[in-house]
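Working notes, structure below.
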Amino acid sequence: MHKANPLISSACLLGVLLVTACEQSSPATVKEPSVTEPAPAAPREDVGSEKSESVPPGATTGSPSAPGFSASNCQVMTTQGTSASGDDGAGSVAANTQDDNLATRWSGPGKGAWLTLDLGSAQSLSGAAIAWHQGSTRQNHFTLATSTDGTTFTQAYAGDSALTNEAQTYAFPSARQARYVRVTVNGNTVNDWASIAEARACAGGTTTPTPTPTPAPTTDSGPALPRQPYLQSVGTTSALVAFRTSTSCTPFVRFGEGAYLSRSASATVTGYRHAVKLDGLTPGRTYSYVVEACGSFMGARTFQTATGPDATRVHFTAMGDFGTGGSLQRKVLQVLTPERAGEFLLTLGDNAYSSGTDAEFQSNMFTPMATLLRRTPLFPTPGNHEYLTSNAQPYLDNFYLPANNSARTERYYSFDWGPVHFVSLDSNCLTYPTPECTKAIQQDWVAKDLAATTRPWKIVFFHHPLWSSGEHGSSTSMRKAFAALFEQYGVDLVLTGHDHNYERSKPMKGEAVAASGTKGIPYLVVGSGGATMRPFDTSQPSWSAFRDDTNVGFLDVTVDGGTLTAKFITSSNTVRDSLTLTKTVSASVKSALSSAAPASDTPPGPVDSPYRQPAFLEQGPVPPADTAESVADQPEPAHQFVHDQP
């Protein structure tokens, strides 16, 4: 426990002159001190996130005459009433922001604390002016939003305050009608308090025009992050930007539609591992984002949000058995560029050879795939190699996935993107059952999940193949457990890995090829993402439509209306195999579709102590798994692999 500095505590009794030293207390345990109330000192937060003095785009500063309030470029409007999310309990209430006295303030605890100004009726607004308490020493991360009813607010501005005690005017992109203006503060560079001396709304049509924004720079600067940003749980209205830092801080992400960054989101905890949530996104739009963390500036990259239920088209890629950090993986990634990867990437297991440790995830997945994962949302599934370390706990720690099942686990999940409902199963639970993941639990969940969706296309992906003539053969245990459910609920395509080759079955039903005129399910093995290839040692069975044990590559899939096209793309950028499925997509069904599962279904990841360096910063790179021995599998008797006769 951090003990108070007796010198600072004594100094606080001197009153107003030393209020800065008195005010750095943890908002979780003490009130933000007033000028007459002493409080113990606490460690300064967000040291790595402090910025040099600058004025954000659209903001100007005025020169108030103490103790009153004035702001340039703002025709100040009369506030009829104020409200706030809370206050310090020592008299720093919301009404203090309207008393024309810079010596008083409103102070609210915690990130997300808000102050709302009520103008009494809807009027034309052009911006807001704010004088921040101790503005010259604390840079505040904040948003401005407006509302006509006081319930639904629309964001109008997002940024950071300039390091100045002068009032700052923040201009909205255009004038708007509203009765309420809300300031939401997401902490500052000293603590998690919101402290505002004065705040006013500005009348429409009188502020200076907002300068035309310039696109954010795309180059990185400052210390290199130990793990570059990667996109997780991207949905229609939200997304997670995950990354790691080499020092402890509370970073934030600037983002905006197109090439411009108009909004910001902050990490919720101080530490080394971060997953910052971007909210309020629009389906099917392209967003730019920049990570600012501990002195590091990661240049802008773009990604697309999930398309909504009215979309008829989606393009994505998939591959398994790729996490080697080796030469074959590099060959695949030379073709699987961000421009080629589609809207997102599915992985089919064995993401990090040879044992799925945290160091192997860093060396064999996140480092070689950094360029791809900064722009391409990733939806993985675990392989048997991940389960060799603590039942795949490093896998769960490295990814931030939807946990939209009754067990609230990320081992299996589902999500929607445009016209397709995707289901990721954990086929390892047959061999390595856990309390939240057994064959029976997944059977029950997948039946309910597939029955509930009304998306016209359904695709399931996991690691162990139901149909394969590769080294392992077909997993009859998985086939007996899930094939009938897939058929019952209209699954269109199943993607797997495990065998280090590519193979496509004919449409299957039950234990055989589907009879002519009846619907069957094609099962594809795409275990060709970068591990050492394994030759087929049996003749091609009658149910096998195509197979390749020579070329590494990935699967490219496009769904367009009633047509699904899948192509196996090799590392030489050639189409080695293709599959086309067609179906009738009803317009009436399309209108009734539900929206995609949001990223809020994602549980928080592991949290490191901000005062102790985590183990991952001490681990060095691991050798690539570039040999047959380094990617060899242990026996898995629970899967009862068999080779079907020709």
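The values are calculated or read from the model by the stated rules, or taken from the named source; none is laboratory data. None of the values given here were measured: they were computed from a predicted structure. Positions of Cβ are generated from backbone atoms using ideal geometry, with glycine treated the same way; all protein chains shown enter the neighbour counts. Accessible surface is based on the protein model in full, side chains and every heavy atom, while ligands, DNA and RNA are left aside. Shrake-Rupley method; radii C 1.70, N 1.55, O 1.52, S 1.80 Å.
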Residue separation times 0.36 nm, minus the C-alpha to C-alpha distance between R576 and S83: what's the value?
171.1 nm
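State the extension gain, in nm to one decimal, for the chain segment bounded by T476 and S630, taking 0.36 nm per residue of separation less the distance between their alpha-carbons. Walk me through the numbers before you get to the answer.
Values: separation 154, 0.36 × 154 = 55.44 nm, distance 2.63 nm.
The T476-S630 span can extend by a further 52.8 nm.
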Can you give me the long-range amide H partners of R285? Hydrogens built in the peptide plane at 1.01 Å from N, cutoff under 5 Å, separation of 5 or more residues or another chain.
T305
Counting only C-alpha contacts under 8 Å and six or more residues apart, can you give the relative contact order of the chain as a whole percent?
12 percent
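Contour minus end-to-end for Q123 and D149, with contour as 0.36 nm per residue of separation and end-to-end as the Cα-Cα distance?
Details: separation 26, 0.36 × 26 = 9.36 nm, distance 1.23 nm.
Extra length available between Q123 and D149 comes to 8.1 nm.
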Estimated FRET transfer efficiency when R0 is 22 angstrom, pair D397-A224 (beta carbons, to 0.05)
0.50
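Set the Förster distance to 22 Å, then compute FRET efficiency between S355 and R612 from the Cβ-Cβ distance, nearest 0.05.
It comes out at approximately 0.30.
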Table column - 3J(HN,Hα) (Hz), region 121-132, Karplus curve with 6.51, -1.76, 1.60, x for Gly and Pro:
7, 5, 9, 7, 10, 10, x, 8, 10, 9, 10, 7
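Using the heavy atoms of the protein chains alone and a 1.4 angstrom probe, what is the accessible area of the chain per residue in square angstrom? Can you show the working numbers first?
On the way: 24040 Å² over 646 residues.
For the chain, the per-residue accessible area is 37 Å².
Within the set of other residues whose C-beta is less than 12 Å from the C-beta of F536, count the net charge using Lys and Arg as +1 and Asp and Glu as -1. List each step's numbers first, then the result.
Values: positive: R534, R547; negative: E471, D499, E503, D537, D548, D549.
So the environment of F536 carries a net charge of -4.
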Once the Cβ-Cβ distance between K583 and D537 is put in as r, and R0 is 51 Å, what FRET efficiency do you end up with, to the nearest 0.05?
0.90
For region 304-311, take each phi angle, set θ = phi - 60°, evaluate the Karplus expression 6.51 cos²θ - 1.76 cosθ + 1.60, and give the result in whole Hz per residue in order, putting x for glycine and proline.
10, 6, 4, 6, x, x, 7, 6
Zone reached by a paramagnetic label modelled 7 Å from E511 Cα along Cα→Cβ, restricted to region 618-646 with backbone N below 16 Å, covers 640-646
What is the percent carbon and sulfur in the accessible area of the chain, measuring with a 1.4 Å probe over the protein chains and ignoring ligands?
53 percent
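Counting each DSSP H run of 4 or more residues in the chain as -39500 (n - 2.57), what helix-only mean residue ellipticity at 222 nm follows after dividing by all residues, to the nearest 500 deg cm²/dmol?
Values: 9 runs with 66 residues, N = 646.
Result for the chain: -2500 deg cm²/dmol, rounded to the nearest 500.
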May I have the extent of the alpha carbons of region 600-644 along their three principal axes, as whole Å values ordered from largest to smallest?
56, 34, 17
Distance in nm between label sites at A440 and S136, each 7 Å beyond Cα in the beta-carbon direction?
7.0 nm
Scalar couplings 3J(HN,Hα) for region 239-244 by Karplus 6.51 cos²θ - 1.76 cosθ + 1.60 (θ = phi - 60°), nearest whole Hz, x for Gly and Pro, are 7, 10, 10, 9, 5, 10
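Strictly over 26 Å apart at the Cα level, which of K458/K480; K331/K583; K331/K480; K277/K583; K448/K509 would you flag in this model? Can you show the working numbers first?
Numbers: K458/K480 20 Å; K331/K583 35 Å; K331/K480 36 Å; K277/K583 37 Å; K448/K509 21 Å.
Going by Cα-Cα distance, K331/K583; K331/K480; K277/K583 fall outside the 26 Å limit.
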